[in-house]
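Beneath this line is the structure, given in structure tokens, with notes to follow.
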Amino acid sequence: VLVDADGHPQWLAGIWRTADLAGALAAYRSASLRGLMDPLAPRLVRAPEGESPWYDCDTPSDIAAASRMIGENRA
């Protein structure tokens, strides 16, 4: 699982064994992604310094900024 510059796992930027993930999901009764994934004890990997292979979108303005970045990269 990739971690950001602050050391926080980016759970959707990871590689998971299907059987492990399916088993954890079948037994999990809460709604926290961290609660589901963290017990699987993933290996945490940092991106190279200064690089971020994701863009965290939590608000409409984050989504607008990401859309602008994507548009700029396609030009």
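For the reader, a short list of remarks on this structure follows.
- Full extension of the segment from R43 to A66, taken as 0.36 nm per residue of separation minus the current Cα-Cα distance, would add 5.5 nm.
- Sequence ranges 3-12, 23-32, ranked by mean other-Cβ count within 10 angstrom, highest first: 3-12, 23-32
- Calculated [θ] (222 nm, deg cm²/dmol) that DSSP helices of n ≥ 4 give over the chain, each run adding -39,500 (n - 2.57): -11500 deg cm²/dmol
- Principal-axis tilt of helix 60-74 within the chain, Cα atoms, nearest 10 degrees: 70 degrees
- Distant-in-sequence amide contacts of A13, defined by a placed amide H-H separation under 5 Å and a gap of 5 or more residues or a different chain, comprise L2.
- Cβ-Cβ FRET estimate between D4 and Y28, R0 fixed at 25 Å, reported to 0.05: 0.60
- Relative contact order of the chain, pairs being alpha-carbon contacts under 8 Å that are 6 or more residues apart, as %: 31 percent
- Taken one residue at a time, the phi angles of segment 17-24 give Karplus couplings (6.51, -1.76, 1.60, θ = phi - 60°) of 6, 4, 5, 5, 5, 4, x, 5 Hz. Gly and Pro are set to x.
- Inter-label distance for C57 and W11, nm, one decimal - labels placed 7 Å from Cα along Cα-to-Cβ: 1.9 nm
- Debye, to nearest 20: dipole size of the chain, +1 on Lys, Arg Cβ, -1 on Asp, Glu Cβ: 340 debye
- Largest accessible area first, the residues M69, M37 order themselves as M69, M37 under a 1.4 Å probe with ligands, DNA and RNA left out.
- Calculation over all alpha carbon pairs of the chain in 10 angstrom steps from 0 returns a P(r) of 16, 37, 32, 14, 1 percent.
The values are calculated or read from the model by the stated rules, or taken from the named source; none is laboratory data. This structure is a prediction, so every number in the text was calculated from the model and none was measured. So basically every Cβ, Gly included, is an ideal-geometry build from the backbone, and we count neighbours across all protein chains shown. These accessible areas exclude ligands, DNA and RNA; they are computed on the full protein's heavy atoms, side chains included. Shrake-Rupley method; radii C 1.70, N 1.55, O 1.52, S 1.80 Å.
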